[in-house]
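Undergrad: After the structure tokens below, expect a handful of questions from me.
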Amino acid sequence: MVQHDSDMKMKIVLAAKKLFAKHGYDATSVRQICEEAGANVALVSYYFGGKESVFHEIFRQFFPHGKLVDFNAVEDPLEGMRRVIQEVIQMRNADPEMISLIQMEIIMITPRVEEMRELVFPLWKKVRDLLDKGRQEGFFHFESLDSTLMFVLGAMFFYKQREFFEPLFTDERPNMETLIGQTTSFIMLALGYHT
């Protein structure tokens, strides 16, 4: 494939990522993607075979597969939770479009939700295992593992709609380091862990 083809393919993928994150997969047409990318409509079929393949290509290109594997080696529940919180927040801030796309798919329970599960469940299962191990070892104190997992995931992963609540806030928007620290403190205290 020549450089021009490679560049155009990436423009299409980036345009689709932006539009899917903003409007959702179903509300985004191939024509809109191509207009955003400055591409001929026929190129989606030529390069990818259709809109769904573009969706899958977004995850092949931008989902941080390699980083998630590293968490499987972490056994210490305290260190593991701190690392997961940090990595998720960094990923969330580094690629908000990707996070919006994932969140939209999860919230709407789309036909593509199984792909989302395959991608994110290894990390969420690790979080569940760390929570369970931390409770067994006496670090964490909570009643329901299922409910606690949902609360923790909500604090880490679904913290995105800040703009909606902006009129209620009086503090400046925290930088990433502060946000990681605040989220870690909040989650650890909620788990009953006091340093």
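All of the numbers you see were taken from the coordinates with simple rules; none came from a lab. These figures come from a predicted structure and were not determined experimentally. Cβ placement follows ideal geometry from the backbone for every residue including glycine, while neighbour counts extend to all protein chains displayed.
Undergrad: Pairing the Cα long axis of helix 77-94 with the longest principal axis of the chain, what angle in degrees results, from 0 to 90 and rounded to the nearest 10?
TA: 30
Undergrad: A follow-up question, please. Over all Cα pairs of region 115-195, how is the pair count split among 5 Å bins, expressed in % and running from 0 up to the last occupied bin?
TA: P(r) for region 115-195, in whole percents per bin: 3, 13, 20, 23, 17, 13, 9, 2, 0.
Undergrad: Using alpha carbons only, how many degrees (0 to 90, rounded to 10) separate the axis of helix 145-157 from the longest principal axis of the chain?
TA: The two axes meet at around 50 degrees.
Undergrad: I would also like to ask the following. Can you give the Kirkwood hydrodynamic radius for region 1-59, in Å, rounded to one decimal and based on Cα pairs?
TA: Value: 11.0 Å, from the Cα pair sum.
Undergrad: So who's got an amide H within less than 5 Å of the one on F140, skipping anything under 5 residues away but keeping other chains? H placed 1.01 Å off N, in plane.
TA: When sequence neighbours closer than 5 places are left aside, the close amide H contacts are R135.
Undergrad: Which value, in debye to the nearest 20, describes the size of the charge dipole of region 144-195 about its Cα centre when Lys and Arg Cβ atoms bear +1, Asp and Glu Cβ atoms bear -1, and nothing else is charged? Spell out each step's value before the answer.
TA: Details: 3 positive and 6 negative charges, 20 e Å.
Using only the charged Cβ atoms, the result is roughly 100 debye.
Undergrad: Calculate log10 I(q)/I(0) of the chain for q = 0.18 Å⁻¹, where I(q) comes from the Debye formula with a single equal point scatterer on each Cα and nothing for solvent.
TA: -1.21
Undergrad: Along region 40-54, what does the Karplus equation 6.51 cos²θ - 1.76 cosθ + 1.60 (θ = phi - 60°) give for ³J(HN,Hα), rounded to whole Hz, x for Gly and Pro?
TA: These are the phi-based 3J(HN,Hα) values: 6, 4, 5, 5, 5, 5, 4, 7, 10, x, x, 4, 4, 5, 5 Hz.
Undergrad: Further, regarding this structure: Counting pairs of alpha carbon atoms under 8 Å apart in space and at least six apart in sequence, what relative contact order in percent does region 57-195 give?
TA: After rounding, I find 33 percent.
Undergrad: For the chain, with the dipole built from +1 on Lys and Arg beta-carbon atoms and -1 on Asp and Glu ones, taken about the Cα centre, which of N175, V74, S45 lies farthest toward the positive end?
TA: S45
Undergrad: Report the net charge of residues surrounding K133, where surrounding means a beta-carbon distance below 12 angstrom and charges are Lys +1, Arg +1, Asp -1, Glu -1. Mind dumping the intermediate values first?
TA: Details: positive: K126, R128, R135; negative: E75, D76, E79, D129, D132, E137.
Overall, the nearby charge balance is -3.
Undergrad: How many angstrom lie between the C-alpha centres of region 1-53 and region 88-149?
TA: Value for the Cα centre distance between the two parts: 28 Å.
Undergrad: Could you give the size of the charge dipole of the chain about its Cα centre, using +1 on the Cβ of each K and R and -1 on the Cβ of each D and E, expressed in debye and rounded to the nearest 20?
TA: Here the chain has a charge dipole of around 260 debye.
Undergrad: Whole-Hz ³J(HN,Hα) for each residue in region 16-31, computed from phi via Karplus 6.51 cos²θ - 1.76 cosθ + 1.60 with θ = phi - 60°, x for glycine and proline: what do you get?
TA: 4, 4, 4, 6, 5, 5, 7, 10, x, 4, 5, 8, 10, 9, 4, 4
Undergrad: In addition: Per residue of region 120-129, in order, report the coupling 6.51 cos²θ - 1.76 cosθ + 1.60 (Karplus, θ = phi - 60°) as ³J(HN,Hα) in whole Hz, putting x for Gly and Pro.
TA: 9, 4, x, 5, 5, 5, 5, 4, 4, 5
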